[in-house]
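Here is the structure we will look at.
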Number of protein chains: 4
Amino acid sequence: MDIVMEAGALNAFLKAEFPQIGDSYSIDHVSQDGLVARLSVNDGHLRPGGTISGPSMFALADLAVYCAVLSRIGPVGLAVTTNASIDFMRKPVAGRDLLAECRLLKLGRVLAVADVLIRSQDEPAPVARSSMTYSIPPRG
Amino acid sequence: MDIVMEAGALNAFLKAEFPQIGDSYSIDHVSQDGLVARLSVNDGHLRPGGTISGPSMFALADLAVYCAVLSRIGPVGLAVTTNASIDFMRKPVAGRDLLAECRLLKLGRVLAVADVLIRSQDEPAPVARSSMTYSIPPRG
Amino acid sequence: MDIVMEAGALNAFLKAEFPQIGDSYSIDHVSQDGLVARLSVNDGHLRPGGTISGPSMFALADLAVYCAVLSRIGPVGLAVTTNASIDFMRKPVAGRDLLAECRLLKLGRVLAVADVLIRSQDEPAPVARSSMTYSIPPRG
Amino acid sequence: MDIVMEAGALNAFLKAEFPQIGDSYSIDHVSQDGLVARLSVNDGHLRPGGTISGPSMFALADLAVYCAVLSRIGPVGLAVTTNASIDFMRKPVAGRDLLAECRLLKLGRVLAVADVLIRSQDEPAPVARSSMTYSIPPRG
């Protein structure tokens, strides 16, 4: 699983193809076995009590897995999530970004599987964990 | 599991407590074993190719389960999702609202479990299915 | 999704191909949108306190989905589970068989998705719910 | 999360309380953040083609999480699985034991969450991944 797109290329791809997700979601760096994605938290992601909404965390995990797949197969727009599971375990720390550490566990011919741990920046205890399956389009 | 909040009360609660979700998400009606929620699709929910984003569908399923729990226990703000799984099965029909049919399978002392089928309006084949667990706060 | 194998043919197939699952698991009947499978509970499935083990319920759900797929595509041995989620919600009633009601939600070219409700016989409240994805081999 | 039961104590507990799971499942060692469990594969776990059955892998993951919880809270028999998700990613290597590496991600007052990677012994690529939630009984 050689890396074919680094963080800069992934962020440029996201900006061009998914303008509606805005500036909040980005890739920090591509790693040996996956990557780290970031949610720059703003008021739009918050729920009463100051916690971050579940759908915002789901979106972060989904983006992390999508970009982890692209980082290995290149900028194909057609990979789609087929299955996701997520556990919400702790309240995020107020006022901190969320970091999603994604591990690519399988990159097969038609399916990719990855898991994700989401933490508030500089906190060891995970806020959420997720695993996702992507269906990937036939490659050349 | 008697119904203690009908669709009107649930929608008023959502508007007051979750102003940031806007006008897109609402409850159509409360049913014998759950309820039906609606996503009034607009451009903000779309991905390239005109499909509805995964996080928008996740948010719809999450809202449906949350409101199904409230419809039986009343307007407690503190119920939180602890686990969710979702399968994305078909592309939604362009230009149609999404309807989420939620069945409350368990409403226990501390945990509630429900499942959800999401369909494009007037289409029989489901677009997505989801199941969720909510942790519910101690009740008087 | 026409039915190509009824309960008798499915049970004969299971006996021939999966002798190690023994006599406990069987198909009751194939339905319009899926089928009903049965676990004839014996001591081997029990845990301390008389409850049925999680793996026995997982096996029942898995068998139900596998046979629901076969009931529509015929006796191909190569369909494999790729993802499963299961919620255990209530203790089964002691001394009763378990019935698993399976709905086939999608039968695509390469993936099938189904969900399952497991109940103690003659009890309305579900003991467990599950959803599974099967990868299906290319068909002629 | 101090360790209160090591591998020897866990294996003795399993033998005394769960005689029906037999000699196949055991704990290799308790680690800093979880433990490693082992399935000593025999013919009873195999499916046609020599692969290990899904329910056997589910049972291994379930046992790993259960024992990881007990390793931190002691031998309470009443912890029960409430939710599990599992992805089957690769065929196990024939004739090798399976090792399940479990990480305890949360050990709360009423819920514990853990994930598990299952590999054939001496193989780096995972065969399956799982995450589970356990409901834990009130502690003194």
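If I go through the stretch D:124-140 residue by residue, how many of them are surrounded by 14 or more Cβ atoms within 10 Å (Cβ to Cβ) and either among the charged types (D, E, K, R) or more than 11 Å from chain A (Cβ to nearest Cβ) (or both)?
Final tally of qualifying residues: 4.
Does D:Ile52 meet the test of being β-branched (Val, Ile, Thr), open to solvent by 20 Å² or more (accessible area, probe 1.4 Å) and modelled with pLDDT under 95?
no
Select, from A:Arg72, A:Arg90, A:Arg47, the only residue that is facing another protein chain (nearest Cβ under 9 Å), surrounded by fewer than 20 Cβ atoms within 10 Å (Cβ to Cβ) and modelled with pLDDT of 95 or more.
A:Arg90
Is there a residue being more than 13 Å from chain C (Cβ to nearest Cβ) and over 30 Å from D:Pro138 (Cβ atoms) anywhere in the stretch B:112-121?
So far as the stretch B:112-121 goes, yes, one or more of its residues are more than 13 Å from chain C (Cβ to nearest Cβ) and over 30 Å from D:Pro138 (Cβ atoms).
From the residues in the stretch D:101-110 that are at pLDDT 95 or above and at the interface with chain A (Cβ under 9 Å from one of its Cβ atoms), which one is least open to solvent (accessible area, probe 1.4 Å)?
If we take residues in the stretch D:101-110 being at pLDDT 95 or above and at the interface with chain A (Cβ under 9 Å from one of its Cβ atoms), then D:Leu105 is least open to solvent (accessible area, probe 1.4 Å).
Out of all the residues in the stretch D:19-26, is one or more part of a helix (DSSP H, G or I) and either more than 14 Å from the chain's Cα centre (by Cα) or under 22 Å from A:Asp115 (Cβ atoms) (or both)?
Yes: the stretch D:19-26 contains one or more residues that are part of a helix (DSSP H, G or I) and either more than 14 Å from the chain's Cα centre (by Cα) or under 22 Å from A:Asp115 (Cβ atoms) (or both).
Evaluate the following for A:Ala94: is it touching a Gly at 6+ places or on another chain (Cβ under 7 Å) and farther than 21 Å from A:Ile3 by Cα?
The answer is yes for A:Ala94.
Conditions: (1) touching an Asp or Glu at 6+ places or on another chain (Cβ under 9 Å); (2) within 9 Å of another protein chain (Cβ to nearest Cβ); (3) touching a residue at least 60 places away in the same chain (Cβ under 8 Å); (4) not aromatic (Phe, Trp, Tyr). B:Asp62 meets all but one. Number of the miss?
(1)
Within the stretch B:23-41, which residues are exposed (fewer than 12 other Cβ atoms within 10 Å of the Cβ) and under 30 Å from A:Leu14 (Cα atoms)?
Selection gives B:Asp23 alone.
Based on what the data block shows, is B:Asn11 at pLDDT 95 or above, open to solvent by less than 30 Å² (accessible area, probe 1.4 Å) and polar (S, T, N, Q)?
Answer is no for this residue.
Show the residue pairs meeting these rules: Cβ distance below 8 Å; 6+ apart or different chains; first residue within the stretch A:14-26 and over 14 Å from B:Asp43 (Cα atoms); second residue polar (S, T, N, Q).
A:Leu14/A:Ser26; A:Asp23/A:Ser40; A:Ser24/A:Ser40; A:Ser24/A:Asn42; A:Tyr25/A:Ser40; A:Ser26/A:Asn11; A:Ser26/A:Ser40
Does D:Pro19 satisfy the condition of being more than 9 Å from every other protein chain (Cβ to nearest Cβ), at pLDDT below 95 and surrounded by 23 or more Cβ atoms within 10 Å (Cβ to Cβ)?
For D:Pro19, the condition - more than 9 Å from every other protein chain (Cβ to nearest Cβ), at pLDDT below 95 and surrounded by 23 or more Cβ atoms within 10 Å (Cβ to Cβ) - is not met.
What is the one condition in (1) open to solvent by 10 Å² or more (accessible area, probe 1.4 Å); (2) among the hydroxyl-bearing types (Ser, Thr, Tyr); (3) modelled with pLDDT under 95 that B:Thr81 does not satisfy?
Going through the list (1) open to solvent by 10 Å² or more (accessible area, probe 1.4 Å); (2) among the hydroxyl-bearing types (Ser, Thr, Tyr); (3) modelled with pLDDT under 95, B:Thr81 breaks only (3).
The values are calculated or read from the model by the stated rules, or taken from the named source; none is laboratory data. Keep in mind that this is a model prediction, so the values were computed, not measured. All Cβ positions, even for glycine, are placed from backbone atoms using ideal geometry, and neighbour counts span all protein chains on display. Heavy atoms of the whole protein, side chains included, go into the accessibility calculation; ligands, DNA and RNA do not. Shrake-Rupley method; radii C 1.70, N 1.55, O 1.52, S 1.80 Å.
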